[in-house]
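What follows draws every value from the coordinates through simple rules; no lab data is involved. Note that the coordinates shown come from a computational prediction; the quantities given were computed from them, not determined experimentally. Don't worry about glycine lacking a Cβ; one is built from the backbone with ideal geometry, like all the others, and counts go over all protein chains shown.
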Amino acid sequence: MSEATMPEANAPEPTLNEMPEADAAKLRELGAKLDQANIKRIGSYHFAMVMGALTLWGAAEAWAQVTGWTIAQAAAVANAVIAATIVSSIIHEWGHYAGAGLSDSIAPVLNEPKNHFFMFDFKMDQNDVHQFTWMSWGGILSPWGLVILTAFFVPLSLTSGAALFATFVSKAVGASVFEVPIVRSAAKSGDPSAELTKAVKAGTLGRAGKISKGVGLAVFAVLWLAI
């Protein structure tokens, strides 16, 4: 091949918008199939995590009720906290993914979950503020659904049931305290990435964690005193 016809080694790859429509359509189709395969794999993994966590809590609670041992009760409470943390984290991420999907965001699913929970890559530079808002609110609201379901279907007269409920409240509060201000600021500035960076640098995540833990402990204390 002559020098005149050789492609430049560092030439940038064309984006979907710059490709011929037929090639772009094929890439979108391949991306959709890959996402479907990855979502099934991650969904199965998360389902197993949820079932395992809830089963361990249920087994510990059954042990506590049968024996009445203090150590069994402590195990039930500890497993309730662990189960609620796992389930809430998973639902939070799936809520984000649902919001991204409903807004037609560019958010490819990862080949495997990162740190057990993170499951997709929301492309900040390729999505607009509207899409960021939908993605964010999906994750903000979904943990509150768990709070409502637990209030109706889990006996809060159980110490471990109270711990489960309080942990769900704690996780939902933490997500709201951290993410709602970012969404509101992004809507004003039009730059979600910059607002997220500013929030992290300002220590908002740490403050949200402290507030959520305080609220969770307060809710548990109120329920425990009422038992």
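At 10 °C and a viscosity of 1.306 mPa s, what translational diffusion coefficient does Stokes-Einstein give for the stretch 96-218, taking Rh as the Kirkwood radius over Cα pairs? Give it in µm²/s as a whole number. Estimated diffusion coefficient is 102 µm²/s. Summarising the overall dimensions of the chain from its C-alpha atoms, the Rg and Dmax are 22.3, 84 angstrom.
For the stretch 123-140, 3J(HN,Hα) computed residue by residue from phi via the Karplus equation (6.51, -1.76, 1.60; θ = phi - 60°) reads 7, 4, 7, 10, 10, 9, 5, 4, 5, 4, 5, 4, 4, 5, 5, x, x, 6 Hz, glycine and proline entered as x.
Here the Debye sum runs over all C-alpha atoms of the stretch 72-163 as equal scatterers in vacuum, and log10 of I(q)/I(0) at q = 0.17, 0.19, 0.21 Å⁻¹ comes out as -0.76, -0.86, -0.96. Pairs of Cα atoms nearer than 8 Å and 6+ residues apart set the relative contact order; for the stretch 82-224 it is 26 percent.
Ranked by the mean number of other Cβ atoms within 10 Å of their residues, highest first, the peptides 46-52, 59-65 fall in the order 59-65, 46-52. Computed from Cα positions, the angle between helix 192-201 and the longest principal axis of the chain comes to roughly 50 degrees. Comparing Cα centroids, the stretch 71-91 and the stretch 113-189 end up 18 angstrom apart. Quick one: go through the stretch 96-114 and flag any residue whose amide nitrogen is under 17 Å from the point 7 Å out along the Cα-to-Cβ line of Ala37. Only 108-113 pass the distance filter.
Of the cross-linked pairs Lys123/Lys198; Lys26/Lys114; Lys26/Lys123; Lys123/Lys213; Lys40/Lys123, which ones have a Cα-Cα span greater than 23 Å in the structure shown? From Lys123/Lys198; Lys26/Lys114; Lys26/Lys123; Lys123/Lys213; Lys40/Lys123, over 23 Å: Lys26/Lys114; Lys123/Lys213.
Here the 3J(HN,Hα) profile of the stretch 161-168, calculated from phi with Karplus coefficients 6.51, -1.76 and 1.60 at θ = phi - 60°, is x, 5, 5, 4, 4, 4, 5, 4 Hz, Gly and Pro shown as x. For the stretch 20-226, a crude dipole built from +1 on the beta carbon of Lys and Arg and -1 on the beta carbon of Asp and Glu, taken about the Cα centre, is about 520 debye to the nearest 20. When the chain is described by a simple charge dipole with +1 on each Lys and Arg Cβ and -1 on each Asp and Glu Cβ, the residue from Ser193, Ala37, Gln126 located farthest towards its positive end is Ser193.
Residues whose amide H comes within less than 5 Å of that of Leu110, counting only those at least five positions distant or on another chain, are Phe120, Asp121 (H built at 1.01 Å from N in the peptide plane).
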